[in-house]
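Data first, discussion second: the structure below is written as structure tokens.
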Amino acid sequence: MAKKRYTIELDMYIQADNDYMARKIAHKIADEVKEGYEVSVKTITETPFGSFNTRALDDISKPSGKNKEEELPF
């Protein structure tokens, strides 16, 4: 019998210094989960603690490492 395909959605809160680092962490988590599964980052939303004001990031692409917001090694 063939296996059936299912879609799941996961929500997760992370902490990051800026949008770039949030994207980097989100894609790192997706890469870790990918082992044998199709995984994609659908949305990234800034959600300040204790606030109803949220902001969806326009750019949710995987960072290339060549961004001005990238953390410096020192």
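The values are calculated or read from the model by the stated rules, or taken from the named source; none is laboratory data. Every value quoted in this text rests on a predicted model; they were computed, and no experiment measured them. Counting neighbours? That spans all protein chains shown, and the Cβs are built from the backbone with ideal geometry, glycine included.
Report yes if some residue within segment 16-24 is of a type in the set (Asp, Glu), surrounded by 10 or more Cβ atoms within 10 Å (Cβ to Cβ) and not in a loop (DSSP other than H, G, I, E, B); otherwise report no.
Yes: one or more hits.
Given the residues 59, 11, which is the only one that is out of contact with any Phe, Trp or Tyr (no Cβ under 8 Å at 6 or more places or on another chain), part of a loop (DSSP other than H, G, I, E, B) and at pLDDT 90 or above?
59
For the structure I just gave you, tell me whether residue 35 is of a type in the set (Asp, Glu), over 9 Å from the mean Cα position of the chain (by Cα) and surrounded by fewer than 10 Cβ atoms within 10 Å (Cβ to Cβ).
Here the answer is yes, as residue 35 does meet what is asked.
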